[in-house]
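S.K.: If you scroll down you'll find the structure; I have some questions about it.
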Amino acid sequence: MVAAAAALGATHAVAPLLGGAFFFFVFPAVLLAAVVGGAGPGLACAGIYAAAASWFFVAPLGSLAVQETRTLVRLILLVLS
């Protein structure tokens, strides 16, 4: 959870520079969680980050709803990767 929170904080800090690329920092965080804790923590990190990214960065903000199919596919692929 610490890795997901750190990735979310880093994404929020540089969000204006990244545009719509809000998955930029999640892959190192998931890799770190998986290497340190195994597959379970890696999947948990990916799921937590996907939910938080949907809440903070995907329109409509403040909701877990996803309006664009492309963004939904990106979120699903994030959790499955």
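The values are calculated or read from the model by the stated rules, or taken from the named source; none is laboratory data. Values in this document were obtained by computation on a predicted structure and should not be read as measured data. For neighbour counting, all protein chains shown are included, and Cβ atoms are generated from backbone atoms with ideal geometry for every residue, glycine included. Areas reflect the complete protein model, heavy atoms only, side chains present, ligands, DNA and RNA absent. Shrake-Rupley method; radii C 1.70, N 1.55, O 1.52, S 1.80 Å.
S.K.: Working only within segment 10-19, note down all residues that are touching a helix residue (DSSP H, G or I) at 6+ places or on another chain (Cβ under 9 Å) and open to solvent by less than 70 Å² (accessible area, probe 1.4 Å).
M.R.: Scanning segment 10-19 gives A10, T11, A15, L18.
S.K.: Could you list, ordered by first residue, the pairs with Cβ atoms under 6 Å in which the first is in segment 37-63 and closer than 18 Å to T11 by Cβ and the second is aromatic (F, W, Y) and modelled with pLDDT under 85, at least 6 apart or interchain?
M.R.: Filtered contacts from segment 37-63: A53/F22; F57/F22.
S.K.: Among the candidates V2, V58, which residue alone is among the aliphatic types (A, V, I, L, M) and surrounded by 14 or more Cβ atoms within 10 Å (Cβ to Cβ)?
M.R.: Working: V2 fails: surrounded by 14 or more Cβ atoms within 10 Å (Cβ to Cβ).
After ruling out the rest, the residue left standing is V58.
S.K.: Scan segment 65-78 for residues that are open to solvent by 50 Å² or more (accessible area, probe 1.4 Å) and either within 20 Å of A10 (Cα to Cα) or touching a Pro at 6+ places or on another chain (Cβ under 6 Å) (or both) and jot them down.
M.R.: Within segment 65-78, just R74 meets the criteria.
S.K.: Which residues, counting only those in segment 1-58, are in a loop (DSSP other than H, G, I, E, B) and under 21 Å from V73 (Cβ atoms)?
M.R.: If the condition is that a residue be in a loop (DSSP other than H, G, I, E, B) and under 21 Å from V73 (Cβ atoms), then G19, G20, A21, F22, F23, F24, F25, V58 are the ones that fit.
S.K.: Answer yes or no: is there a residue in segment 20-34 that is of a type in the set (G, A, S) and open to solvent by less than 30 Å² (accessible area, probe 1.4 Å).
M.R.: Filtering segment 20-34 for residues of a type in the set (G, A, S) gives 20-21, 29, 33-34.
Subset that is open to solvent by less than 30 Å² (accessible area, probe 1.4 Å): 29, 33.
The answer is yes; a qualifying residue exists.
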